[in-house]
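Everything on this sheet refers to the single structure shown next.
The values are calculated or read from the model by the stated rules, or taken from the named source; none is laboratory data. This structure is a prediction, so every number in the text was calculated from the model and none was measured. Quick reminder, even Gly has a Cβ in these numbers, built from the backbone with ideal geometry, and neighbours come from all protein chains shown.
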Amino acid sequence: MAKTKCKTRKAVAKRFRRTAGGVIKRACASRSHLLGHKSRKRKRHLRAGGVVSDADYGRISRGLPR
């Protein structure tokens, strides 16, 4: 009999992407609304995104099984 597979947490799958090297990428917060008072520079820097920290890596990777 085949072993059961872990389900992907859909909320995690929408917010994070795993690269080929195993690094988990994320988008920056504070970019969806109330953008009028934020500076152009701040909004430009928020476009870049980032990498998940080591403290959160285990918790998030459990929601993104391969």
Inset, instruction - Tell me, please, whether a residue that is of a type in the set (Val, Ile, Thr) and surrounded by 10 or more Cβ atoms within 10 Å (Cβ to Cβ) can be found in the stretch 8-15. - result: yes
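Mind checking whether some residue in the stretch 22-41 is part of a helix (DSSP H, G or I) and either more than 30 Å from LYS5 (Cβ to Cβ) or free of Cβ contacts under 8 Å to residues at least 40 places away in the same chain (or both)?
Of the residues in the stretch 22-41, the ones part of a helix (DSSP H, G or I) are 40-41.
Now narrow it down to the ones that are either more than 30 Å from LYS5 (Cβ to Cβ) or free of Cβ contacts under 8 Å to residues at least 40 places away in the same chain (or both): 40-41.
Within the stretch 22-41 (the criterion being part of a helix (DSSP H, G or I) and either more than 30 Å from LYS5 (Cβ to Cβ) or free of Cβ contacts under 8 Å to residues at least 40 places away in the same chain (or both)), the answer is yes, since at least one residue qualifies.
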Inset, instruction - Take the stretch 42-66 and flag every residue that is modelled with pLDDT of 95 or more, of a type in the set (A, V, I, L, M), surrounded by 10 or more Cβ atoms within 10 Å (Cβ to Cβ) and outside any strand (DSSP E or B). - result: LEU46, VAL52, ILE60
Legend entry - Near pairs, Cβ below 7 angstrom, 6+ apart or cross-chain, from the stretch 44-57 (within 14 Å of PHE16 (Cα to Cα)) to any residue that is of a type in the set (Phe, Trp, Tyr) and assigned to a strand (DSSP E or B): VAL52/PHE16
